[in-house]
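**Q** Quick one: the structure is below, and I'll ask about it shortly.
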Amino acid sequence: MFFICNNSLLFDPEAHAISLVGQPESVLTLSAPAVRLLQEFIKHKGHDLSREELITRVWEEFGFTPSGNNLNKAVSELRKSFQALGERYEFIVTVPRYGFRFEADVIFQPGENIQTAEPQPPSAPQQEKRRPASLKRWGIPAVLIVAVLGASFCFSRQQGIFVPAKLMPVKEKIARCSIWMALLNKSNFC
């Protein structure tokens, strides 16, 4: 599938590419977060989207660690790509103290060789990406809890240290150091 923005830019989300319409040599490759962000902008064109909504939809729902900095980087990447293609129109408008708005006429062009079964495989890796995030979310605390419980068990037990000797102080000192004599208690040996 393809999207044409303002009859000048061609966006191919499957190829992570954006180019000028009719000029395939002008193609620029976008990062995965920038592609997901542009897809969200296109889905909600003309509507104000809060920063929190975008962070959730572009990062959290795909199992990635969200941050405002990630959003800023992706918006900057899209704006620079539009400018590199010679587009002077501001597609992404900053809404002060709220978020962003995508202002463009968008035409959806279904691809010629796309079947209904093809969009499903990309969703399978997204689910796999969520598993490591949930594993990190629950695995690390579980390991820490087990370690703390194990350590508390080891240190809370009374240690029965048995020394088969009796220490006796010697009255004499050498260089102001006390001397002790160990007397073995033979009844404690097997």
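The values are calculated or read from the model by the stated rules, or taken from the named source; none is laboratory data. Keep in mind the model is a prediction, meaning the values are calculated, not measured. Side chains are part of the model used for accessible areas, which takes the heavy atoms of the whole protein and leaves out ligands, DNA and RNA. Shrake-Rupley method; radii C 1.70, N 1.55, O 1.52, S 1.80 Å.
**Q** Suppose accessible area is computed on protein heavy atoms with a 1.4 Å probe; arrange Arg176, Arg36 from highest to lowest.
**A** Greatest to least solvent exposure: Arg176, Arg36.
**Q** Right, another one. For Ile140, Ile18, give the ranking by accessible area with the largest first, probe 1.4 Å.
**A** Ile140, Ile18
**Q** A further question follows. With a ≥ b ≥ c taken as the square roots of the eigenvalues of the C-alpha gyration tensor of region 1-62, please select rounded if a/c is under 1.5 and otherwise prolate if a/b is larger than b/c or oblate if it is not?
**A** Oblate.
**Q** Can you sort Trp59, Trp180 by 1.4 Å-probe accessible area, starting with the largest?
**A** Largest accessible area first, the residues go Trp180, Trp59.
**Q** Now, a different point. Round to the nearest 10 and report in Å² the accessible area of Val146, as given by a 1.4 Å probe over the protein chains' heavy atoms.
**A** Spelled out: Val146, probe radius 1.4 Å, area about 100 Å².
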